[in-house]
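One structure is given here, and the rest of the page talks about it.
Throughout, read-outs are computed from the coordinates displayed, never taken from laboratory work. Please read these numbers as outputs of a predicted model, since none were measured by experiment. Note: ideal-geometry Cβ built from the backbone for every residue, glycine included; neighbour counts use all protein chains shown.
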Amino acid sequence: MASGRWLSEEGAAAIAARIRTVEMATGAEVVAAIAGPSSWYHGLRWRAFALGAVVAALVGVVADLAAPQWLTAHAALAAAALIVGIGLACALVATLVPGFARLFLQRVRAEAEVRQRAEALFLRRQLFATARRNAILLYAGTFERAIAVLPDRGYDGVVAADEWNVVVAAMTPRFRAGDARDAFLAGLAALEGLLLAKGMRGGGDAANVLGDQVIEVDGDDA
């Protein structure tokens, strides 16, 4: 197993091994996926531009109040150019530095985009094609630093919708800290505990029709 974009070879192998133990213990079909940005998020660059322009304009206003005599036609033109230049610089930084761009991304939108991409991956990879409809997708968006857990309909009436949040809660702190391997391992441990608490047992003979390797994709490929 070769190392990927977000996981080392050892990390991917550790997650795959843990997936298999969870499947054998609970009878679930677990799939882990990690992906790049779930959207182009063009608006983030405009927000960065606006912030830079506003800050530059405020600095100009303060400078004018402190020394009003400096303002001339040429100075006004230079100030306007400076405002636009700083705005463009902030937009460029947002393009090149994900952490800066992320400051302008609303958490609600980030989670919605990640869930939408997770749903697309679920359908594209046909994770619903299990005899008992018992697949569970753990999906992590690296740019958004958000997690989505998608269970198939076989868990309807067995696990309440909000109970899956225990898996998200276990993964999120580690994932936001930049440790994808430990995030997935923590999520798998939480998932195993949840399913066992619901009385699910695998008997050690899970079909494993979906495989255990972590899926690593760019957001647009999901």
Length added when fully stretched, residue 81-residue 10, from 0.36 nm per residue minus Cα-Cα: 20.5 nm
Once you put a point 7 Å from the Cα of residue 196 and another 7 Å from the Cα of residue 120, both along the Cβ direction, what distance in nm separates them? 3.7
Ranked from highest to lowest mean number of other Cβ atoms within 10 Å per residue, what is the order of the peptides 148-155, 105-112? 148-155, 105-112
Would you calculate the separation in nanometres between label points at residue 131 and residue 42, each defined as 7 Å from the Cα along the Cα-to-beta-carbon direction? 4.9
